[in-house]
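J.: Please find one structure pasted underneath; my questions will follow.
A short reminder: the numbers here are calculations on the coordinates, not readings from a lab. From a predicted model like this one, the values you see are computed outputs, not experimental measurements. Note: ideal-geometry Cβ built from the backbone for every residue, glycine included; neighbour counts use all protein chains shown.
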Amino acid sequence: MTDPILDVRNLTMDFGGLRALDHLNIDIQQGEIVALIGPNGAGKTTFFNCITGIYTPTSGDILITAPPRSGAVAKAERINGLKPNQVTEKGMARTFQNIRLFPNMTVLENVMIGRHCRTHSGIVGAVFRNRAMVKEEQTVVDISYRILEKIGLARFVNDLAKNLPYGAQRRLEIARALATEPFLLLLDEPAAGMNPHETLELDELITRIRDQEKVSILLIEHDMKLVMSLSDRIFVMDYGKKIAQGAPEEIRNNPVVIKAYLGEEFDAES
Amino acid sequence: MEYFLELFMGGLIRGSIYALIALGYTMVYGIIELINFAHGEIYMIGAFTALIVASVLAVMGVHQLAILAIAMLAAIVYSSAYGFTVEKIAYKPLRHAPRLSPLISAIGMSIFLQNYVLLAQTSDFLPFPSLIPDFKFLEPYSSILRPTELVILLTTGVVMLLLTLLIKFTKIGKAMRATAQDRTMALLVGVNVNQVISITFVIGSALAAIGGVLIASHIGQINFFIGFIAGIKAFTAAVLGGIGSVPGAVLGSFVLGLTESFATGYVSSDYEDVFAFALLVLILIFRPGGLLGKSSTQKV
Amino acid sequence: MTTFSELKKSFLTALWFMFLTFPIMVIRVNTIDKIVIWRWRNMGYVGVASFFLSLAWRYFLRRKEAGSKRALSRTANSQTLLERISSERRYKIPAMTAAAIGIIMFPFIMNSYQTNIMITALMYVVLGLGLNIVVGLAGLLDLGYVAFYAVGAYTYGLLNHHFGIGFWAVLPLGGALGALFGVLLGFPVLRLRGDYLAIVTLGFGEIIRLILENWNEFSYGPSGIAHIARPSLFGLKLSFFGEIRYLYFLMIGMVLFTIFVVNRLQNSRIGRAWIALREDEIACQAMGIDKTRTKLTAFALGATWAGMVGVIFAAKTTFINPDSFTFLESAMILSIVVLGGMGSILGVVIAALILILLPEYLRAFSDYRMLLFGAIMVIMMVFRPQGIIANVRRSYNFKKVED
C-alpha cells in the first residue's frame, strides 16, 4: 500500500481554553471518497480550516503526499503553518459551508480565478500583452470553460455569480476548486440547502470527479443518505475527537456513533 | 518635578476629553462595526452650539452659571440630534451593504458637516467664552490644576460612572450588550435593534458634546476643523484600548493623553500630532486587538 | 402609502431639520463686538429644501428597494444612457471621434485660464484612475493616497531645486518612488482588516504631511519650494501659452497612457485577482492567490500614478508646500472614484471632469465644492453604490467542446 495522500496525525487545535480538535488521526488514500461526519459543533469545519491553512493547529502533523505527476517519487510533506494559498498550490482545494463565491464576477471568471496559482503572467505581461501572456490567457479561458461544461454550468458562463440559482452556486464552488488542479478536493457540506433532486445530481457529480479527474475527495456532510451512498470510508467526530471510522455499513451500526447522534435520551430509553 | 506634574495633569486632561469622544466610537463600533467617521464632527457641532447659545445668553445678560448649564444642555441636545440624524441618513440605509460602503458614507458625512459649519458660520477661530467659574480654593495650586481642569476631571469621572451603570444595570444597557453580541439573535428575542442603534448614537453624541464644551472652554477657541484631529485621536484611543470595549476606550484615552503630553513636553512639540498617528499605526500593526481586547474583543 | 401621509412625513422631516439647523444656520454671533445676527430667512430655506429633499429621498429609496427585488429575478436592462453609449459600437465610434476632435482643439479655442483648469481636471483623472486600482479594483480603502502624490511632488521639487534635474528625468523616478513608498507603507499595514486599513493609511498620509511641514532642513517647512522648472521640450524655449498647451497635451498623453495601462491590468490575471480579493478575501486565498502580494501590487501600482502626477503637479504650479497634500485632497480623489463607479474607467474619467470642472465653471458652486463632495459620497453609497457607470464584466471568447 502506498502512502496516504493526506495523513493527519494527532492534530490538536485549542481556542483559548477550548479544545476544538483533540488528537485527531485521519488518513485518505489516493482515489478515495471519504466523509467526515459528526453532530453540529463536533469540529469538522475547524478541521478543514486547520488542514487548509486558515488556522494554524496547536500541535500535531498534517502530512501530504502529492501523487507524482510524471514518474517522480512521491514524498510526504508536512504542511502545518502554510498559508491557505500555499496549501492550494500544493494541491488541496476546498469549498465553503456558506457559499463564498466572487459575487460580482462572472461564472467563467470565478473559475478563471482558480487557475491563478497555475499560471504566471505578471504586470509586465498584462501591460504589453506579449505572446506568451496572450496564449496563457486563452488557455485559462479554454480550460475554465471546459470545467464549466463538465460541471454542467456552461449555460451560465457569462452570468454574474450572484445571480445563479442556489444549487448552481454550490456547483460553481466545486468548479472553481477543480480549476486549481487539486489531488484532493475538500467539500464542506456540499449538499446543504439542496433539494433531493439536486442532491442526487451532486452524488453523481462527485463520483464522476473522482473517476474522471482522478481527484480524491473528503467531504463534510449531514445528509446521511448521500454520505452512505458516496463514501468509501467514513470518519465520525464528536467533541473534537474521532469516535469511529470505517466503511459505511460499519458506521451505520456502530453504537458509539448512534449514541453521539442521539445523545443521552437514547440511553434513557434503551 | 513640577514640570513633570504639569505634564501629567495635561495628559490626564487630554485623556479625559479623548475618553469622552472615544466612548462614542467604541460603542458604535461595538454595535454596528462601523468607524463612525463623522463622530468628530458631532463633537465639533456640540462645541459650536454651546458657543452660539452662550454668546446669545451673554448678550442677554444671563448669569454665568446659568449660561454654563443652558449651553451645556443645548450642546448635548443638538449633538444627540445630529448623531441620531446622521445615523438615519448615512448609515441606516446601508445596514446590509458591503463593509466599505458605510465607511465611505461616513467619510462623506464628516466632510459634509465640516463644510456645513464652515459655510454657515466661519472658517476663523472663534474665541470661546470662559464658562467655568474661578474657584478660590484652587488658587495656591494654579500652576498644576486650573479650575477648568478640575471640572473636566470631575465631569469625566461622573459621566464614566453613569455610563457604566447604564450599560450594566438598565434595560437599554442590556439590550445594547445583546445587540453587540449578536444583532440577529437580539432581533429574534424581541430587542428593537434599530432603536438600540439610535440610542447608542444618541448617547455617544451626548458624551462627545460634553467633551466638546469642556475642551472648548479649557482651550478658549474653536473652529470648524477641531473635530477632525480630535476625532482621529479619540479613535486612536479607542483602538489602543481595544475597540468595542468601554473600559478599553477609557484606558486607551488616558494612555494616549499621557503619551502625547510627555512626548510633546520632553521630546518635541512640533511633532505633537505625529506621536498620536505613529502610535495608532504601531498598535494596529502589532496589536490590532488593543490593550484590553484579545483577538475577539470584549464588546459593549 | 397615500400622498397625504407622504406629505405629512416630509413636513415633519422639514420641521426636524429646521430645529436641527437652527443654531448653526440661523444665529451668527460676533463674539468680539457682542452682536448677534439672526438669519431667519435661512430657516425658511432649510424648511423648504428639506421638505422636497425628503420626498425625493424616500421616493428614490423605495425605487432602489423595488429595483433590488427586480434584480434578484433577473439582471434587468437597467443600463443608463452613458452605459449604453459606451457599450454599443454604433454610438461609440462617433462619440469617440467627436471627443478626440474636441480634445485636440480645446487649448486653441480656450484661453490659458480655461486650459489650466482642464490640466488640473486631467490630473485628477489620472489620480482617480490610480486610486481606482487600489479602492475600486482591489477593494482597499486608502485614505492616505495623497501621501504618494506628495512624494512625487517633493521628489521633483527637491531634485530640481538642489541639482537642477529636469522634469523628464524625474517623471519616471517620481513614479518609482511612489511605488516604493507604496510598498514600504503597504507592507506592514496590508494584513489589517478593511476599516483599520483605511484609518492607518489616513494616519500615514497625515504623518507624511506633518513631517513635510516640520522638517525645515529637508522640505523647507510650510514655506515650501518655489521656482520649480516647468517641463522642457527638447530644450526649446516656449512662450507662456506654448508652455500651457504643452502641459495640456502632456497631460492628455498621460491620461491616455493611464487608461491604456489600467484597462489592460484590470483584464489580466493580476486584475482578476484584485477583484477577487475585493469580493471575498478568504475565498480568494483559498483559491491559491497570495493575498499580501496581490494587495501590495495594487497598492504600489496605485501609488505609482500618484507619484507621477505629483511630479507633474510640481512642474505645473512651480511651487509646492505641504498645504496641497491634506486629507481633503485624498477625500476628493476618493469621491471621484466613488462617483465614477468602483472599477469603472470611463466612470472615473467622467466623474473627475464633473467634480473638478463644475465648481470651476459654476462660480456659485465653488464655495460649496467640499460640501458637494461630502454629499456625493453619502448619496452615491445610499442610492447607487456602483457609481454613475457600473463596471461591466467582460465576456471572453472560448472554444466550445460539445460532447
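J.: In whole Hz and in residue order, list the ³J(HN,Hα) couplings for the stretch C:198-205 that follow from phi through the Karplus curve 6.51 cos²θ - 1.76 cosθ + 1.60, θ = phi - 60°; x for Gly and Pro.
T.: Ordered by residue, 3J(HN,Hα) equals 4, 5, 5, 5, 4, x, 4, x Hz.
J.: Follow-up. Amide H neighbours of A:ILE33 under 5 Å, at least 5 residues apart or on other chains, H built in the peptide plane: list them.
T.: For A:ILE33, the qualifying residues are A:ILE217, A:ASP232, A:ARG233.
J.: Give the order of C:SER239, C:SER54 when sorted by the count of other beta carbons within 10 angstrom, beginning with the fewest.
T.: Going from sparsest to densest Cβ surroundings: C:SER239, C:SER54.
J.: Could you give the nm distance between label points at B:PHE262 and C:ILE165, where each point is 7 Å from its Cα heading toward the beta carbon?
T.: Spacing of the two 7 Å Cα→Cβ label points: 4.2 nm.
J.: With an 8 Å cut-off on Cα pairs and a minimum separation of 6 or more residues, tell me the relative contact order of the stretch B:165-221 in percent.
T.: Taking the mean separation of contacting Cα pairs over the length of the stretch B:165-221, I get 21 percent.
J.: Taking a ≥ b ≥ c as the square roots of the Cα gyration tensor eigenvalues, with a/c under 1.5 meaning rounded and otherwise prolate when a/b beats b/c, else oblate, which class fits the stretch A:101-181?
T.: prolate
J.: Now, a different point. Of C:LEU143, C:TRP168, C:MET381, whose Cα points farthest to the positive end of the dipole of the stretch C:110-383 (charges on the beta-carbon: +1 Lys, Arg; -1 Asp, Glu; origin at the Cα centre)?
T.: Value: C:TRP168.
J.: Using θ = phi - 60° and the Karplus relation 6.51 cos²θ - 1.76 cosθ + 1.60, list the HN-Hα couplings for the stretch C:157-167 in order, rounded to whole Hz, with x at every Gly or Pro.
T.: x, 6, 5, 6, 5, 7, 10, x, 6, x, 4
J.: Further question: Considering amide H positions built from the backbone, and no H for Pro or chain starts, which residues 5 or more places from A:MET237, or on another chain, come under 5 Å of its amide H?
T.: Excluding prolines and chain starts, which carry no amide H, the hits are A:ILE37, A:GLY38, A:ILE243.
J.: Okay, moving on. For the stretch A:1-93, calculate the relative contact order in percent as a whole number, restricting contacts to Cα pairs under 8 Å that are 6 or more residues apart.
T.: It rounds to 30 percent for the stretch A:1-93.
J.: Just to confirm my numbers, what's the Cα centroid distance between the stretch C:189-254 and the stretch A:189-232 in Å?
T.: Going from one Cα centre to the other spans 58 Å.
J.: How many angstrom lie between the Cα centre of the stretch C:89-158 and the Cα centre of the stretch B:142-175?
T.: 51
J.: For chain A, with a Gaussian network of springs between Cα atoms less than 10 Å apart, report the residue from A:ARG170, A:ARG208, A:ARG100 with the top mean-square fluctuation.
T.: Residue with maximal mean-square fluctuation among A:ARG170, A:ARG208, A:ARG100: A:ARG100.
J.: Follow-up question, since we're still on this one. Under the rule of -39500 (n - 2.57) per DSSP H run of 4 or more residues, summed and divided by the residues of chain B, what mean residue ellipticity at 222 nm is obtained, to the nearest 500 deg cm²/dmol?
T.: Using -39500 (n - 2.57) per qualifying helix, the result is -24500 deg cm²/dmol.
J.: What is the percent of Cα-Cα separations in the protein assembly as shown that go past 46 Å?
T.: For the protein assembly as shown, the share of Cα pairs beyond 46 Å comes to 36 percent.
J.: Give the calculated FRET efficiency between C:ILE37 and B:GLN64 to the nearest 0.05, with a Förster radius of 30 Å applied to their Cβ-Cβ distance.
T.: About 0.80, to the nearest 0.05.
J.: Using the Kyte-Doolittle scale, find the helices of chain A whose mean hydropathy is at least 0.5 and whose Cα atoms extend 18 Å or more along the helix's long axis, counting only whole DSSP H runs.
T.: none
J.: According to the square roots a ≥ b ≥ c of the eigenvalues of the Cα gyration tensor, what is the shape class of the stretch B:81-197, taking rounded for a/c under 1.5, prolate for a/b larger than b/c otherwise, and oblate for the remainder?
T.: It is oblate, given that a/c is not under 1.5 and a/b is not larger than b/c.
J.: From the phi of every residue in the stretch B:41-57, what ³J(HN,Hα) in whole Hz does the Karplus formula 6.51 cos²θ - 1.76 cosθ + 1.60 yield, where θ is phi - 60° and glycine or proline is x?
T.: Values, residue by residue: 6, 4, 4, 5, 5, x, 5, 5, 4, 4, 4, 5, 4, 4, 5, 4, 5 Hz.
J.: In percent, what relative contact order does chain C have, based on Cα pairs under 8 Å that are 6 or more apart in sequence?
T.: Values: 526 pairs, mean separation 98.0, N = 403.
The value is 24 percent.
J.: While we're on this one: Non-local amide H neighbours of B:GLN221 (under 5 Å, H modeled in plane, Pro and chain starts lacking H): which ones?
T.: Correct list: B:PHE128.
J.: Using just the helices of chain A, give the 222 nm mean residue ellipticity in deg cm²/dmol: DSSP H runs with n ≥ 4 each add -39,500 (n - 2.57), and the total is spread over all residues, rounded to 500.
T.: Helix-only estimate at 222 nm: -12000 deg cm²/dmol.
J.: State the answer as a single residue: which of A:GLY193, A:PRO248, A:GLN169 lies farthest towards the positive end of the charge dipole of the stretch A:128-270, with beta carbon charges of +1 for Lys and Arg and -1 for Asp and Glu, about the Cα centre.
T.: The Cα lying farthest towards the positive end belongs to A:GLN169.
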